[in-house]
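Novice: Take this structure first; my questions come after.
The values are calculated or read from the model by the stated rules, or taken from the named source; none is laboratory data. The structure presented is a predicted model; accordingly, all values stated were derived computationally and were not measured. Note that we place each Cβ from the backbone using ideal geometry, even for glycine, and neighbour counts take in every protein chain shown.
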Amino acid sequence: MTEKEAAGDVPAGMPRLLALALVRLGPVGLEFFRFGLVGTAGFVVDAGILQLCLSLFGLGPYVGRAISFAVGVTFTWFCNRHFTFRRRGGMHWFRQWSRFVLLMLLGGGLNYGTYAALVAWVRPFGAHPVLAVAAGSLAGMMVNFTTARHLVFHHRPSPAA
């Protein structure tokens, strides 16, 4: 991808220096950056829905979390489909969504497993669990990005004849 082609992937109105930095990341780096933005927004949606379930609807933390996860993962699938990986299509939306949900559960399992192992076996992480949350989040994000890119949003539209 040339700089001119990649520049089309950078939103208009963005400060020039930031736009140039994003273009320099290349196509995979730009997708990873976007994936991170979408994940951050997904966290806000997930946490917000959980709070609504707990405080407004009086649901317990486990039922509330199941609902917030479902909303959050659907939100991130939609944003990744139309923003992060918008040039990769070809799969029916329901099949793509269900594959995305299943694969994000794998990344979530790795996230939690990393967290739990570090808290249990590495003293500094046990004393400061938020460090383990960060490590788990990074591990999960790497797996989620890789699986989303290669197993969910892997089809490219065929070129027009």
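Novice: Among the residues of the stretch 29-47, count how many are without any contact (Cβ under 8 Å) to a residue 12 or more places away in the chain, under 17 Å from THR74 (Cα atoms) and of a type in the set (Gly, Ala, Ser).
Specialist: 0
Novice: Here's another thing I want to ask about it. For a quick check of your reading of the model, give me the residue pairs whose first member lies in the stretch 107-131 and is touching a residue at least 40 places away in the same chain (Cβ under 8 Å) and closer than 19 Å to PHE69 by Cα, whose second is surrounded by 14 or more Cβ atoms within 10 Å (Cβ to Cβ) and small (Gly, Ala, Ser), with beta-carbon atoms closer than 9 Å and at least 6 apart or on different chains.
Specialist: GLY107/ALA139; GLY107/GLY140; GLY107/ALA148
Novice: Then there is this: Give me a count of the residues in the stretch 119-138 that are of a type in the set (A, V, I, L, M, F, W, C) and closer than 17 Å to ARG34 by Cα.
Specialist: Final tally of qualifying residues: 1.
Novice: Taking only the stretch 40-59 into account, find how many residues are touching a Cys at 6+ places or on another chain (Cβ under 9 Å) and part of a helix (DSSP H, G or I).
Specialist: 2
Yes/no matrix, rows are residues, columns are (1) surrounded by 16 or more Cβ atoms within 10 Å (Cβ to Cβ); (2) within 11 Å of the chain's Cα centre (by Cα); (3) in the same structural domain as LEU103 (by TED's automatic domain parsing); (4) over 21 Å from MET142 (Cβ atoms):
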| residue | (1), (2), (3), (4) |
| --- | --- |
| ARG16 | no, no, no, yes |
| ILE49 | yes, no, no, yes |
| VAL73 | yes, yes, no, no |
| CYS79 | yes, yes, no, no |
